[in-house]
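Okay, so here's the structure we're looking at.
The values are calculated or read from the model by the stated rules, or taken from the named source; none is laboratory data. Treat the numbers as computed from the prediction; the structure is a model and nothing was measured. Virtual Cβ from ideal backbone geometry, glycine too; neighbours counted across all protein chains shown. The accessibility values were calculated without ligands, DNA or RNA, using every heavy atom of the protein model including side chains. Shrake-Rupley method; radii C 1.70, N 1.55, O 1.52, S 1.80 Å.
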Amino acid sequence: MIDRDTIDKILEATNIVDVVSEFVTLRKAGINYKGLCPFHDDKTPSFIVSPTKGICHCFACGKGGNAVNFLMEHEQISYPDALRWLAKKYNIEIRERELSAEEKQQASDRESMFIVNEWAKNYFVDILKKNPDGQAIGLQYFRSRGIRDDIIEKFKLGYALSRRDSLSKAAVAAGYKEDYLVKTGLCYRKDNGELVDRYAGRVIFPWFSVAGKVNAFGGRLLDSRTKGVQQKYVNSPESDIFHKERELYGLYQAKRDIAKQDHVFMVEGYTDVIAMHQCGICNVVANSGTALSVHQIKALRRFTPNITLLYDGDEAGIHAAMRGTDMLLAEGMNVKVLLLPDGDDPDSFSRKHTAEEFRKYIETNQSDFIRFKSDVMLRGVNDPIKRSEAITSIVRSISVIPNQITRDTYIHECSDRLRINEQTLINTMNSFIRGDIDAAQKEQEREAQRQAAANTTAAATSSATSSSASASSASASTAEPPASDNPIEPLLVKLILQHGGDIIYKDVKTADGKNIDLTVAQFIDYDLSQDNLVFSNPIFQTILAETAAHSGEDGFDPAVFFATYHDINVSSVASRLIFNKYQLCRSLEMTPDEESVRLNTIHLLSEFRAHHVQNRLNALKQRLAEAQREKNGEEVRGILKEMMEARSLRDTIADSVGQSLIRNI
């Protein structure tokens with residue numbers, strides 16, 4: 001368990017911009033920062049980070065919160081693990097008691113797999129550096145490929161001993177369970193139940209998640225053993241923590257440089273990434289033999305929209321570049337392509353040239369996708385039908401670009417380069433776009449039908465699962481606040497979070513003769529208590545009570561206070577209410593004066609009471625109907641009297657609401 005004092009130290013040290021920047025490229029926007037939301041397919045920046053309030057929020061999907069909320073949602077980790085992540089980042093020591101055997105057993109498989117992988121990474125590195133075979137075989141192999149020691153350390157390269165049980169025995173001796181060795185893919189079982197190391201006799205390339213966790217490994221046979229062998233590389237199998245189509249090798253090491261350069265190079269393999277880092281080109285990732293996926297593109301687009309495909313100049317490299325172009329364009333990426341001279345890949349090319357020569361070659365020879373496709377598809381083509389098919393393919397690629405201006409620019413360029421009438425190209429492009437829209441609409445209809453069927457099924461079981469769902473702390477960062485009986489409650493709480501510490505009444509005389517100042521939160525708390533009213537949402541009630549209690553303190557800011565509040569559910573709900581969807585630049589911002597804040601407070605309290613009375617009237621109507629059915633005359637008369645009183649009160653409140661509106665105008 002992490003004690004309260006340590007949690008407070010972690011939250012005080014945390015810089016929300018610093019944390020979010022680990023995963024999202026942020027740009028200054030007034031006093032805040034803005035970027036593409038990592039929680040949904042964001043085309044235009046809708047994710048706002050406020051360094052002054054210590055929170056983030058997406059106005060499109062609604063997700064956000066403080067740094068802990070963000071990490072829990074983005075990395076799908078628990079509240080304690082998010083605190084540990086921050087503690088490690090800010091060098092804050094956490095002293096926790098040793099877990100019992102039973103508690104270790106109850107730890108989630110996912111976290112256990114990460115722990116095993118972290119141990120395995122260190123094991124492979126130690127073998128490479130300290131074991132005689134590791135030094136003589138593994139380290140010698142890397143050096144023969146020209147890989148420097150600092151690059152070996154940067155990518156945590158390692159070596160697996162050739163014995164088929166070396167790792168498994170070492171892991172079991174260190175206290176790790178065989179089940180997790182199998183689940184992570186470090187080992188596999190033969191038909192006879194024997195545990196076998198997957199990477200025996202191979203040099204090791206660890207895969208890191210964007211957050212820096214080891215989620216997989218790649219193992220390569222040494223050059224002397226690859227002759228006649230089709231499978232030089234063996235990668236971790238799919239698991240709970242590794243889905244290859246979602247991962248990019250080297251993204252963890254490259255993310256800062258990608259954001260800084262606002263550009264990324266996509267290569268094919270591990271050694272290509274490593275070779276380019278060694279040349280000083282660090283904004284590079286690899287999809288490592290898998291077809292480029294939408295998940296990988298979206299992961300890159302959080303850091304930059306600009307990409308260069310850097311592949312071999314052979315037929316396989318050309319095919320890989322052609323295959324990925326349309327997907328990249330459809331996701332709003334700006335695509336360039338560079339094919340290296342035939343027979344070279346980035347690894348071999350970098351060993352033949354200096355870093356400066358490599359950079360110059362890239363700048364001189366990379367081309368936009370139209371030139372690339374036209375050069376590849378029209379080279380030596382004289383047949384009109386084949387030429388028409390090639391041009392149609394190029395226009396098809398242009399049609400998937402989401403930005404209309406970019407599409408028009410490429411169409412114009414295509415017309416000039418290929419000497420085709422521009423209107424003909426536009427008509428062809430528009431037919432593709434209409435076809436895509438029709439297909440998307442049909443898919444939406446099918447998805448709506450599937451969702452309706454799923455909702456029908458879910459409704460039948462929701463009552464049985466609702467209570468258990470609310471108890472999950474791991475998903476607290478995305479949980480919506482409990483439903484409120486009164487729609488004015490969120491507006492009042494938003495007012496409390498923005499102006500709760502502002503004084504709206506000065507020198508108010510108390511019953512004991514003292515003069516005090518009343519803040520917004522204190523006035524709301526006092527006003528509601530006169531009629532024994534409370535917020536139906538318990539989180540809202542907590543926000544009111546805490547703000548009323550602290551709002552007299554010097555420098556108290558409710559937004560900052562709740563951003564680091566110890567209850568993760570409260571801080572998450574507060575952060576959702578703090579942000580205004582539309583923000584003016586500083587020069588146009590208007591600070592509400594004391595009078596306007598006071599009138600707004602009174603007006604919202606009147607609205608709150610009006611809804612409260614209306615809810616009471618609705619309940620009385622139901623009671624009246626029941627009493628009439630039961631022909632209980634005495635109860636009917638009593639209910640009618642209550643309803644008359646409630647209606648009179650409602651009318652009085654309505655008058656006061658109208659008057660406050662007039663005063664505001």
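Being modelled with pLDDT of 80 or more, within 20 Å of A545 (Cα to Cα) and surrounded by 14 or more Cβ atoms within 10 Å (Cβ to Cβ), is that true of even one residue in segment 643-655? Don't jump to the end; show me each part of the working.
Step one: filter segment 643-655 for residues modelled with pLDDT of 80 or more, giving 643-644.
Next, from what is left, pick out any that are within 20 Å of A545 (Cα to Cα): none.
Scanning segment 643-655 turns up no residue that is modelled with pLDDT of 80 or more, within 20 Å of A545 (Cα to Cα) and surrounded by 14 or more Cβ atoms within 10 Å (Cβ to Cβ).
Restricted to segment 187-200, and to residues there that are in contact with a strand residue (DSSP E or B) (Cβ under 7 Å, 6 or more places away or on another chain) and not aromatic (F, W, Y), the residue that is farthest from I127 (Cα to Cα) is K190.
For segment 170-177, state whether one or more residues are within 27 Å of L248 (Cβ to Cβ) and in a loop (DSSP other than H, G, I, E, B). Walk me through how you get there before you give the answer.
Taking segment 170-177 and keeping what is within 27 Å of L248 (Cβ to Cβ), we get none.
For segment 170-177, residues within 27 Å of L248 (Cβ to Cβ) and in a loop (DSSP other than H, G, I, E, B): absent.
Of the strands (runs of 3 or more DSSP E) lying entirely inside segment 193-295, those containing at least 2 residues that are open to solvent by 20 Å² or more (accessible area, probe 1.4 Å) are 202-208, 233-235. Checking each residue of segment 465-486 against the condition of being more than 26 Å from F608 (Cα to Cα), modelled with pLDDT of 75 or more and open to solvent by 40 Å² or more (accessible area, probe 1.4 Å) gives no match.
On the basis of being closer than 18 Å to G185 by Cβ and basic (K, R), does K260 make the cut?
Values: closer than 18 Å to G185 by Cβ: no; basic (K, R): yes.
So K260 does not fit the description; no.
Residues that are within 36 Å of the chain's Cα centre (by Cα) and either of a type outside the set (D, E) or open to solvent by less than 60 Å² (accessible area, probe 1.4 Å) (or both) occur in segment 411-419; there is at least one.
For segment 632-641, check the following and say yes or no: at least one residue is at pLDDT 70 or above, of a type outside the set (D, E, K, R), over 28 Å from F59 (Cβ atoms) and outside any helix (DSSP H, G or I). Checking segment 632-641: at least one residue is at pLDDT 70 or above, of a type outside the set (D, E, K, R), over 28 Å from F59 (Cβ atoms) and outside any helix (DSSP H, G or I).
Just to be sure before I move on: is E331 without any contact (Cβ under 8 Å) to a residue 12 or more places away in the chain, among the acidic types (D, E) and more than 22 Å from D150 (Cα to Cα) in the structure I sent? Here the answer is no, as E331 does not meet what is asked.
For every residue, the table says whether it meets (1) without any contact (Cβ under 8 Å) to a residue 60 or more places away in the chain; (2) touching a strand residue (DSSP E or B) at 6+ places or on another chain (Cβ under 6 Å); (3) of a type in the set (K, R).
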position	(1), (2), (3)
C282	yes, no, no
S288	no, yes, no
L309	yes, yes, no
N382	yes, no, no
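Here V49 fulfils each of the conditions (1) open to solvent by 60 Å² or more (accessible area, probe 1.4 Å); (2) in a strand (DSSP E or B); (3) under 17 Å from L577 (Cα atoms) apart from (1).
Restricting the first member to segment 253-269 and to residues that are over 18 Å from Q366 (Cβ atoms), and the second to residues that are small (G, A, S) and not in a loop (DSSP other than H, G, I, E, B), the beta-carbon pairs closer than 8 Å and six or more apart or on different chains are G269/A286.
Being in contact with a strand residue (DSSP E or B) (Cβ under 8 Å, 6 or more places away or on another chain), in a loop (DSSP other than H, G, I, E, B), open to solvent by 10 Å² or more (accessible area, probe 1.4 Å) and not aromatic (F, W, Y): is that true of T44 here? It is false that T44 is in contact with a strand residue (DSSP E or B) (Cβ under 8 Å, 6 or more places away or on another chain), in a loop (DSSP other than H, G, I, E, B), open to solvent by 10 Å² or more (accessible area, probe 1.4 Å) and not aromatic (F, W, Y).
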